[in-house]
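The values are calculated or read from the model by the stated rules, or taken from the named source; none is laboratory data. The shown structure was predicted, so the numbers you read here are calculated from the model rather than taken from an experiment. No Cβ is skipped: glycine too gets one built from the backbone with ideal geometry, and neighbour counts run over all protein chains shown.
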Amino acid sequence: MNESTGITNVKPNAPWSWGTDDEALAKALEERLKFAEVRKELCVVKCRGPPLNGVTKFLLCGGCKNAGYCSKECQKADWKQHKVICKLPAHQYWQMIAPNHHKAKDLAAETGLKLGSGGLVTPIRYLVITGKDTPENNAKFVGRNDQDQIKKTHQDARIRILLRPPPGSPNWAMAKSLKLDENCPAWTPRPASTEEEAELKKIRDMQEVIRRHMGSRSMSSITSKDMQDVLTQNFGSGWVDALATYQSAINAMDQGVRV
């Protein structure tokens, strides 16, 4: 008898394998195991067992770099199912795949990130804040598709974080109200690149222009008329090109915004 359970003729350890006659349950478990990357341990797609011919290094899918196969034949046999996951848009990868991916889980634990919550800004922002924003780490959270969108989101997050918006600024208020930095550790972003330094200088120079224009007036009283005056008086016919820099500058300045 197993003293811990009171059941007779049952060994107190788990079996080496298990099975079920319930086809629906088996299918559901198979799908969840795929999400959990079990296929990296056993090539269950075609072989239904360990790698053939003593293969110990799996072939990785060239698209997602996640799914592993013991042969080209197994990869081809799995493509009909795998392409659904492999071609997922970035936001769906973040919501559906990352929460079940062991590498994403490990990285999330390091950054204090809650997997699958919020939009694409959230995981990329956490990586930027913690200085872990490498292409490989980005892929763990949002996959390898929609690269233009991911690149733009990453660039915007880098500039916003490197500006270190003070309390009372619109950027600070937005992050706080949306809880974008909830449970995030201390800010340790990577140093700015040469290109980023140039962009940051443009924004900080614009902030000085705005301060001079406002004079003794409180930043909380700034209006669209002030914006028009700053741009037309300082940039003339090139005011349209300076508009984006103005927006970045003003959003990172204390305007007395409260949350």
Looking across the range 110-149 at residues that are without any contact (Cβ under 8 Å) to a residue 12 or more places away in the chain and closer than 23 Å to C61 by Cα, the single one that is surrounded by the fewest Cβ atoms within 10 Å (Cβ to Cβ) is D148
Checked the range 157-209 for anything hydrophobic (A, V, I, L, M, F, W, C), in contact with a helix residue (DSSP H, G or I) (Cβ under 7 Å, 6 or more places away or on another chain) and not in a helix (DSSP H, G or I); matches are L180, C184, W187, A192
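Tell me the residue from S193, S221, S177 that is at pLDDT 95 or above, of a type in the set (S, T, Y) and within 18 Å of M253 (Cβ to Cβ), please.
S221
Listed here are the residues, each with its yes/no results for (1) under 16 Å from A157 (Cβ atoms); (2) surrounded by 12 or more Cβ atoms within 10 Å (Cβ to Cβ); (3) not acidic (D, E).
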{"site": "M227", "(1), (2), (3)": "no, yes, yes"}
{"site": "S237", "(1), (2), (3)": "no, no, yes"}
{"site": "D254", "(1), (2), (3)": "no, yes, no"}
{"site": "R258", "(1), (2), (3)": "no, no, yes"}
Within the range 228-259, of all residues that are hydrophobic (A, V, I, L, M, F, W, C) and under 28 Å from the mean Cα position of the chain (by Cα), the one farthest from P165 (Cα to Cα) is A244
G168 vs. criteria touching a Lys or Arg at 6+ places or on another chain (Cβ under 9 Å) and more than 25 Å from W94 (Cβ to Cβ)
yes
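Please find, within the range 239-252, the residue that is surrounded by the most Cβ atoms within 10 Å (Cβ to Cβ) out of those that are free of Cβ contacts under 8 Å to residues at least 60 places away in the same chain and of a type in the set (A, V, I, L, M).
In this case the residue turns out to be A249.
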When the range 183-239 is checked residue by residue, the ones that are of a type in the set (S, T, Y) and more than 30 Å from L113 (Cβ to Cβ) are S216, S218, S220, S221, T223, S224, T232, S237
When every residue in the range 150-192 that is under 17 Å from the mean Cα position of the chain (by Cα) and of a type in the set (A, V, I, L, M) is compared, the one surrounded by the fewest Cβ atoms within 10 Å (Cβ to Cβ) is L178
Counting only residues that are under 21 Å from R258 (Cα atoms), without any contact (Cβ under 8 Å) to a residue 12 or more places away in the chain and assigned to a helix (DSSP H, G or I), the range 212-233 contains a total of 2
